[in-house]
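K.L.:
First the structure, which I've put down as structure tokens, then a few questions once you've had a look.
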Amino acid sequence: MRRRLPAALLGTLALLAAGCGTGGPVSAGDATNGQKLFAANCGSCHTLANAGTHGSIGPNLDAAFAAAQERDYPESTIRNVVGMQIKYPNSSPETGAPGMPPNLVKGNDVQDVASYVACVAGITNAEAKTEGCPAAIGSSAGGGGGGGGGKSADGKAIFDSAGCSGCHTLKAAGSTGTVGPNLDQSTIDEARAIKQVENGGGPMPPFKDTLTNDQIKAVAHFVVTSRAG
């Protein structure tokens, strides 16, 4: 007999699955598109092995859903939990820590991201899950992209794929994140920008282990030379 999830967690999941007070359940979406969206908008804040991301501002999603995956909890329920967190984020935690920004993704993109996370969170790369789950970014079956995947030295593309858009506002990148500083108003020079990307600071994770030196230089150059301020 499978072990049961804690009663409190079961109650929370059941409430969300039923859509009580949340606008209804989150429908299944395109997990492959969800992977791309997650890498671009969520990876700088969350750790998720499949996406190759190591953010530490928000919960580690592999750790958060490992027990539910181990117990074969319905994927639809996990999808609802993730979808409702995206739709109704806690933007101002009582702890004073950076909150989750609203409207990171909208419309069908919410379904896609929620479906992706439900498909892969808490599942090791060696474990094949269900059909429709995308291969891990950086694997032989997967493409380049978020978390430093690929070898592109296009600063704007790296800014998008590394998840910077989810935390920072930068007009040239079309991003409006509010977790980190508004980069259009930044005055740091390129050398300091490179060090910031390499080592992180505050809620920002370091990227020296997920981006190449050339990628770090490229994204720093892009930010410094394209900011509106």
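The values are calculated or read from the model by the stated rules, or taken from the named source; none is laboratory data. This is a predicted model, so every value here is computed, not measured. Glycine also receives a Cβ, built like all others from the backbone with ideal geometry; neighbour counts cover every protein chain displayed.
K.L.:
Quick one: ALA136 ticks every box in (1) assigned to a helix (DSSP H, G or I); (2) at pLDDT below 90; (3) not polar (S, T, N, Q) except a single one, so which number is it?
P.N.:
Just one mismatch for ALA136, condition (1).
K.L.:
When residues of the stretch 150-184 are filtered for being among the acidic types (Asp, Glu) and either at pLDDT below 85 or within 18 Å of LYS36 (Cα to Cα) (or both), how many remain? Please lay out each step first, then the result.
P.N.:
Just the residues of the stretch 150-184 that are among the acidic types (Asp, Glu), to begin with: 154, 160, 184.
Next, only the ones that are either at pLDDT below 85 or within 18 Å of LYS36 (Cα to Cα) (or both) stay: 154, 160.
The number of residues fulfilling the criteria is 2.
K.L.:
Is there any pair linking a residue in the stretch 16-44 that is closer than 19 Å to ASN103 by Cβ and basic (Lys, Arg) to one that is buried (at least 18 other Cβ atoms within 10 Å of the Cβ) and modelled with pLDDT under 85, with Cβ under 7 Å and at least six apart or on different chains, and which?
P.N.:
LYS36/GLY145
K.L.:
Follow-up. Can you tell me which residue is modelled with the lowest pLDDT among those in the stretch 51-79 that are within 24 Å of ALA40 (Cα to Cα) and among the hydrophobic types (A, V, I, L, M, F, W, C)?
P.N.:
Here the answer is ILE57.
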